[in-house]
Each structure stands twice: as structure tokens, then as C-alpha cells.
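Down below is the structure, laid out as C-alpha cells.
The values are calculated or read from the model by the stated rules, or taken from the named source; none is laboratory data. Everything quoted here is computed from the prediction, not taken from an experiment. With ideal geometry, Cβ positions are generated from the backbone for all residues, glycine too; neighbour counts draw on all protein chains shown. We work out accessible area using only protein heavy atoms, side chains counted, and drop any ligands, DNA or RNA first. Shrake-Rupley method; radii C 1.70, N 1.55, O 1.52, S 1.80 Å.
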Amino acid sequence: MSSPPTPSHLAVANELARATNLNNLTFKAQGAFKETFRAETVHGTVVALKILDPSKCDLARTSREIEALQRCDSPYIAKLFDSGTFHASDGKDYFFAVEEFLDGGTLTDRLTTAALSPDQVKSYAACLVRALDHLRSLNLVHRDIKPDNIMFRLGADLPVLVDFGLVRDLSAISLTQTWLPQGPGTPYYAAPEQLHNDKALIGWRTDQFSLGIVLGIGLTGRHPFERPGMTMPQTVGVVAARQSCSNEFMQAANDAGLAGIVQMLAPWPIHRYSSPRRLLEVFE
Amino acid sequence: MTAYLQMGSDTENLVGETDLEEFHGIVLSPVNRTPLELGQDISAFRRKGNFDVIMDPQLYVPDSERGCLQEQTYFPSDIDTADLTSDIWWSTLVDQLASCAESLGVNAVASPAVLPNVWDPEYYTRCADTARRLRESLTSGINTLTTVMVDYNQMSDPNAVLRVASIVSETDTSGYYLVIDSTVEPRREFSGERELAGIMNLVRQLEATERPVLVSHCSSDMLLFKAAGAAHCATGKFFNLRRFTRSRYEDPATGGGQLPYWFEHSLVSFLRGPDLGRLTDAGFGSLIGVAASSNYWSQRIRDQFANEPGKAWVALGWRQYLSWFGKTELALPTPTAPSILEGWLRSAEDNWIALEDSNVLLDEPRNNGGWVRPWRQALNRFVNS
């Protein structure tokens, strides 16, 4: 086993914890832009303290992430309790966020042991569609729905959407340059419009597509567009070429009574479910 | 479903007329009526019946003849100089439009849109966003329709159709108000197989979102849009001959459409007065007054021909066409409309061939049924796609 990474900002975290009345700080995870610590409030509530390195993260995107989370109020979206900028003794300003601590692991963790049963897929899908419905009501698109960004509360089997680092507020000017060949997102889970940086097509149905990929992988253990012998980049290429998902996947989805996932994965948004309400009917 | 009467110059008296009962909806014309007149019209319509009144703000061509448009409270005084990419500008416009619509008491408002220089995705994003803003501004139960303007030529590209449909359907409004912009001469039918099939596919895609499509400014091409599943089609008295064109907004208010025409279902065409006699004399009298072309107003025209042969009948002609339109719109129910229309068009083509074989030449050189085959081809392409 590899040893856990050492946090770069432990001292800053300790300073911040003191300033915000958080106790029992424990390092949990390290990402490209941020480090996450487990902490407790004075009332004993367990929270996640996230510290973002200002030299590594994009100010505008971080602000949008914070603003988006502040507007959200859904049981299926991680809650944000506090956020701001902290001037540390090293002379630098750090962004921080105090969020709900989700200690039930990620969907990635669960998928490493076994595929999901059709009933589990339906149950998770219904929760996550409600999250998408909530985001849509706020004119937000997550743009990075994938198993790593779906977590669970300890002891509960209800998924929670996390990590709004790529969130897009459709009522605000896009931060993505038009000349980029590919828009923000994780290619393996991205919709064709993301892969083409087709910004005008980005909307809630973009998240619907990514959720369809997640559910498809959860159900079958394979990417719905993957043909036998294909590599991951080749599979992404199939999505980018606006082809349909594999016959094997369509058959598996049908057999599981989850043919609705195939419609979620339509290459053009107009062919996906037109409203969260309609999509929810598929899973309830 | 409901046919809509697209109001124009001095057309308010057509609302609720005899044998035009199929029109239960009206699209107001702020270009032709002052704010006071619009208010009076709506009150009068309400007294005549339970009409569904839609407001089309008609900002398509900002630099055109504006008629009464500049008097409307929502008309932006800075429209010639404004930065039309400004969110603030559109928000202000939408708020004023919503306020105007609420004071008029209309049932629905089509979101404002201008004709672009380039029909690109950003333009449609703006259209969808404007519709969203309008929906949020309207507070008193007035429905928002997303105005979807399309370039006729661009619709020949199947991917363009899907792209437009995908973008405009992102905003959840009560329906769509489809406007087709083209350079086809006003007195000519659309005759592009791929273009028409594309527009039909667009209608189908939008209807699949469970929000009704109202195709504005229709002429006899209503047949194709209904076959595609459009919930509603709108036409006006001059739309027997004209459709939406940029030049329409530059014409004098009294211009065009002053010749009398009869709309004939059996040929899917407009006929001039002499053509009616010509067909009868050549033994094709059975082609006159087929299906809904035979109506109260066609009988009035026949009576007038018999009793007052020299009297003008242009106003009767408008009504004969409108009556055909309203009844025929109702006779094309989804999903049997394509097969019904195929039968009608096949018959129309046979009739035109019979006329050609008998060397029966109608008054207007291009009134030869040449559009019927492309319409059939477009219908086939649509059905098989």
C-alpha cells in the first residue's frame, strides 16, 4: 500500500480551523487545486474543510463554484456552510470552503466491488435527477458528473452530487474560450457538445448525458459507447462522432428495464429527455 | 388544434366572421395598430368570443418601416444604436414587453427576436435566453412562446436542424413561435425538398418536447407543417399570397394582395377569376370547390359572379382562403396527417398533369403546380427520416 500524501497546507488549515472555530482537524484528500480536511464544529457537526491554493486555481471559476453552491438547497447536493478568503501567516490569501462532510465514500468506491443492481440504478438515478432538476431551476450546469463526484452520507444509500468546480451558470457569460477544441469536463463522461466545445448546446441535458454514462457504467461495468476491444480514447471518439451507444449496452439496458438510459445518451440534446420531470418518470 | 389569424392592416374585422369560426387564436400586429387600438381590439375580440390572443412584438427588422411599432411602450428608442449583445438591453426590453403584455391582457407573448446577419449557435442561445428572461418577467399567468426564427436555406442541413432544436428547447416555455425567413419571392411557394423536409423535421423535434409549435406567417404550406405535427398554424388575409419576408416590413401598408384570388384545394393553388372560367370551359369544373375550398365564402363568390359579375371580390377571396385554411388545419390531425396529405398532393399532381395534357394554361405563368412534386418529395423525406 502506498502511504497517504502529505498535505501541503496543514499549517494553513490549522490556522484557518482556529479562526473559524473548527476542531479535530484530519487530512483526508488532496486534489489538483485543493486539499480536504475533516473537522468538527463546536457543536460537534462533522464538516469538510477545503483549502484552495490561490496559485493553482482559477479565481473566476472558484468564485462561480462558491456562488453556485451558495444558491443550492437540495438533499442531493453537498451543502456549503461557509466560504471565503483567508489571509494566512505565510502572507498568501487562500480560498476556503466549509462543506458537508460525506463519509460514505464515492460511487467510484462502490463500483470497484460490484456493478449496481437495476433497483440501485433506479434509486440513485431518481435522486440525482432531482439534483439536476434543482440545478436547472437555478440555471446551473454541473458539467463534471462522474462516479468520483457522487458521494454518499455514512449509513445512507442516497447519492449526493459534489465538486462544482466546473459549474456553468447559463445566465452568466461563459468563461470558456470558443477557440478551445474541447470544453471543460472529464472526457470519458462528457457529452458530445462538451467534447466539441459546442457552448451553445450546453445545458441541463449535458448533465443528463453524463449521468446516463454513469448509470450505464454502474449497471454493466462498461462505458455504454464502448465496443469490444476499444480503448478509452476510442470510446470517447465514438461519443464525439455522435454515434449511438453499443448494441450490447442497449440490450443490457432493455433487459434491466432501464431503456430510458439509452435516450439519456442521445447524441443531440433535443433527443434526450426534455425535462427532469419526464426523466424522473423513467426511474420512479 | 387551433388556427391563428395573423393580424395585419385593417384585418380586425375578420375576427369572428361567419365561416371563420375555426380561428380561435389571434396574433396581434403592433406594426399596424397603435397601443390604443390594440387595447380596443382585444376588448372587441373578447366580446366576440373566447379568443386566444398572442402578442408578436415584431422587432425582426429594426431598421425597416415601423408603422405603429415606435409608439408601442416596449419599443426601444435606442434600437438603432444599441449593442444587441448586451444582456442589460435585452432584459430592459423584455421587462417593458412583459409590462405592455400585462396591461393589454394577452394570453401569450412571443419572445422578441431580431433577424441576424449570421444564423449561428450564439444567435439561438440569445433567443433561448431572451425567452427565459421573458418567462421570468411575466408574472400574471401570461404564457411565453420561444420565438424560433430560422433561415429557410439552412434548414436543408439536418445537423443544423438538430442544433437549432437543441438550443431553443433548452428554455422551458409554453411553446414555440416559428418564423421562417427566406428570399423566396412572396408570390412563390417554397419548393426546396430538403429545406422543407428540414423545417418539417424541426417542427417534429420541437413538438416532441411536449410544447406546442405555432408556425407563423403560413400560406398553403401550412399543409406540410401540419403534417409534421405542428399544433397550430397562423395565416392572414394577405398570406394567401405572401409570407414572412424582410421586405414585408418595408412595404407600404396598403401594398400588395389587391388582386382577387380563389384558393383551390384540388390544385393546392390560388386561382385568378379568369382561371375559374377557363377550368370550367375546358371541362375541369369538377376541380373547382373541392374539399374545404367549398365554403360559405366560395358560395358568396359564385353568387356574386352570377348576380353582379363586375363587382370586386377581393375581400371575399381573402375569406374564402381563410375559411379553407381554418377547416383544412383541423382536418389534418396528428398522426394521420402525413398520409392524408400524401393523398391530397398526389391528387393535386394528377390534376395538374391533366391540365397540362389538355393544354389548360392559367393566367400566371408560374402557376403551374411545379411546387407540388417538391412538396411530395419533402413529405416522403420527412416520413422516411
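Side notes on the structure shown:
- Each part gets one Cα centre, and for the range B:43-89 versus the range A:33-105 those centres are 47 Å apart.
- Global geometry of chain B, whether rounded, prolate or oblate, following the gyration tensor of its Cα atoms and the 1.5 cut on a/c: prolate
- Here A:Asp73 and A:Thr45 are evaluated by their C-beta separation; at R0 = 22 Å the FRET efficiency comes out at 0.80.
- Sparsely packed trypsin sites (Lys or Arg not before Pro) within the range A:187-261, loop by DSSP, other Cβ within 10 Å at most 10: none
- Cα-based reach from B:Lys311 at 24 Å (exclusive), listing lysines while leaving out same-chain residues under 8 positions away: B:Lys237
- For chain B, adding -39500 (n - 2.57) for each run of n ≥ 4 DSSP H residues and dividing by the number of residues yields -13000 deg cm²/dmol at 222 nm.
- The relative contact order of chain A comes to 14 percent, based on Cα pairs under 8 Å that sit 6 or more residues apart.
- Separation between Cα centres of the range B:107-151 and the range B:20-38, rounded to whole Å: 20 Å
- Degrees, to the nearest 10: A:59-71 long Cα axis against longest axis of chain A: 80 degrees
- Our coupling estimate for the range B:142-157, obtained by passing each phi through the Karplus curve with A = 6.51, B = -1.76, C = 1.60 and θ = phi - 60°, is 7, 6, 10, 10, 7, 6, 10, 8, 10, 8, 3, 5, 5, 5, 6, 9 Hz, Gly and Pro reported as x.
- For chain B, the longest principal axis of the C-alpha atoms and the axis of helix B:87-104 are separated by about 60°.
- Computed from label points 7 Å out along Cα-Cβ, the spacing between B:Asp83 and A:Asp103 is 5.2 nm.
- Förster radius 51 Å - calculated FRET efficiency between B:Glu364 and A:Thr112 (Cβ-Cβ, nearest 0.05): 0.10
- Dipole size of chain A about its Cα centre, with +1 on Lys/Arg Cβ and -1 on Asp/Glu Cβ: approximately 460 debye, rounded to the nearest 20.
- GNM top mover of A:Cys57, A:Cys245, A:Cys72 - chain A, alpha-carbon springs below 10 Å: A:Cys57
- Net charge of neighbours whose Cβ lies under 10 Å from the Cβ of B:Ile288, counting Lys and Arg as +1 and Asp and Glu as -1: -1
- Shown here for the range B:290-368: trypsin sites (Lys or Arg not before Pro) in loop regions (DSSP other than H, G, I, E, B) with at most 10 other Cβ atoms within 10 Å, namely B:Lys311.
- Choice from B:Arg66, B:Arg46, B:Arg132 showing the highest fluctuation, given a GNM over chain B with Cα pairs closer than 10 Å: B:Arg46
- Interchain or long-range residues, amide H under 5 Å from A:Ser83's placed H: A:Val98
- Counting charges near B:Gly198 (Lys, Arg +1; Asp, Glu -1) among other residues having Cβ under 10 Å from its Cβ returns a value of -1.
- Note on the range B:154-198 and the range B:322-355: Cα centroid distance 21 Å, given to the nearest whole angstrom.
- Of A:Met151, B:Met222, the residue with the largest accessible area leads and the full order is A:Met151, B:Met222 (1.4 Å probe).
- Relative contact order of the range B:168-226, pairs being alpha-carbon contacts under 8 Å that are 6 or more residues apart, as %: 51 percent
- Remark: the range B:178-195, residue by residue, has Karplus-estimated 3J(HN,Hα) of 8, 10, 9, 9, 8, 9, 5, 4, x, 8, 10, 6, 4, 9, x, 4, 5, 5 Hz, where x stands for each Gly or Pro and the curve is 6.51 cos²θ - 1.76 cosθ + 1.60 at θ = phi - 60°.
- Taking every C-alpha pair closer than 8 Å and separated by at least 6 residues, the mean separation divided by the residue count of chain B gives a relative contact order of 16 percent.
- Helix-only mean residue ellipticity at 222 nm for chain A, each DSSP H run of n ≥ 4 adding -39500 (n - 2.57), per residue, nearest 500: -10500 deg cm²/dmol
- Residues A:Leu154 and B:Glu342, FRET efficiency given R0 of 60 Å [Cβ-Cβ distance, rounded to 0.05]: 0.45
- Convex hull projection area averaged over all views, the range A:1-125, Cα basis, nm²: 9.6 nm²
- Too-long pairs where the Cα-Cα distance tops 22 Å, listed order kept, from A:Lys79/A:Lys199; A:Lys122/A:Lys146; A:Lys92/A:Lys146; A:Lys50/A:Lys146; A:Lys79/A:Lys146: A:Lys79/A:Lys199; A:Lys92/A:Lys146
- Summed side-chain charge close to A:Leu22 - residues other than A:Leu22 whose Cβ falls under 15 Å, Lys, Arg +1, Asp, Glu -1: -2
- Chain A and chain B together bury an accessible surface of about 1600 square angstrom, both sides counted, with a 1.4 Å probe and no ligands or nucleic acids included.
- GNM flexibility winner over chain A from A:Ile202, A:Ile213, A:Ile261 (Cα, springs under 10 Å): A:Ile202
- Extension gain from B:Asp95 to B:Arg188, taking 0.36 nm per residue of separation minus the Cα-Cα distance: 29.7 nm
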